[in-house]
Amino acid sequence: MPSLTQGAIRFEKKQDRILLSALRLHVAQMDFLINHISDRKDLRNIIKKILKAGGDIESHISDKLSDEEREKVKDILHQLMPLDTMVTDMWDWDIRFEDITFEDCFFDVALASEDVAMEQAEYLKNDIIEWINEFNMDYAQNQYDGNEFEKYILDQCKTFIIKWRNNIKEGLR
């Protein structure tokens, strides 16, 4: 039968292993954060260069960035989308509007002129209305007269895009 001292030593060794595992996890998380922060700084510079270049943002990104850089920029821009909006409510329904409506214009909506971005609000409105009908979502649409609900959705889409673009500007500072 093991002695109390042997049991205490085993317990201490187990605690040491747990602490060592926690320390390794912490170091891995810190490494990730450091790399992510430096990636963000690099990507901020890339985005700033793209904005300075002007012109067709989508083709500039396709021509100048590797697929990996493109995905990193897209990921950062995606993280800057405002939450708690009617538009991002679509995620609750597993609708990835940014991959559907903005499939060919994601970077334009985020980075091109405001006129270009606002053009996409109309397409987003149409898609959201279609999803609301398809999935029987309840946004109290029966309480609106005529085209008032469509106007409300369009306003929500424009507000989402404006907030997103403002978040991007703030994130680039």
Cleavage-rule hits, GluC sites (Glu not before Pro), region 64-143, DSSP coil, Cβ neighbours within 10 Å at most 14: Glu103
If packing is taken as the average count of other Cβ atoms within 10 Å, what order do 138-147, 78-87 fall into, highest mean first? 78-87, 138-147
Between Glu119 and Ser62, what is the label-to-label distance in nm when each label sits 7 Å out along the Cα-to-Cβ direction? 1.5
Those aspartates and glutamates that a straight Cα-Cα span of less than 19 Å connects to Lys163, excepting residues fewer than 8 apart in one chain: Asp75, Asp84, Asp89, Glu98, Asp99, Asp108, Glu114, Asp115, Glu119, Glu122, Asp155
Quick calc: nm separation of the 7 Å Cα→Cβ label points for Asn133 and Glu148 -> 2.0
How far is it, in nm, from the label point at Trp93 to the one at Lys49 when both lie 7 Å from their Cα along the line to the Cβ? 4.0
Computed ³J(HN,Hα) along region 97-105: with the Karplus parameters 6.51/-1.76/1.60, θ = phi - 60°, integer Hz and x for glycine or proline, the list is 4, 5, 8, 9, 5, 9, 3, 9, 9
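Classify region 62-173 as rounded, prolate or oblate from the Cα gyration tensor: take a ≥ b ≥ c as the square roots of its eigenvalues, call it rounded if a/c is under 1.5, otherwise prolate when a/b beats b/c and oblate if not.
Since a/c reaches 1.5 and a/b is larger than b/c, the shape of region 62-173 is classed as prolate.
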The ³J(HN,Hα) series, computed from each phi in region 124-129 with the Karplus coefficients 6.51, -1.76 and 1.60 at θ = phi - 60°, rounded to the nearest Hz and given as x for glycine or proline, is 5, 4, 4, 5, 5, 4
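Taken together, the values in this text are just the output of simple stated rules run on the coordinates, not laboratory data. Treat the numbers as computed from the prediction; the structure is a model and nothing was measured. FYI the Cβ positions are ideal-geometry reconstructions off the backbone, even for glycines, and counts take in every protein chain you see.
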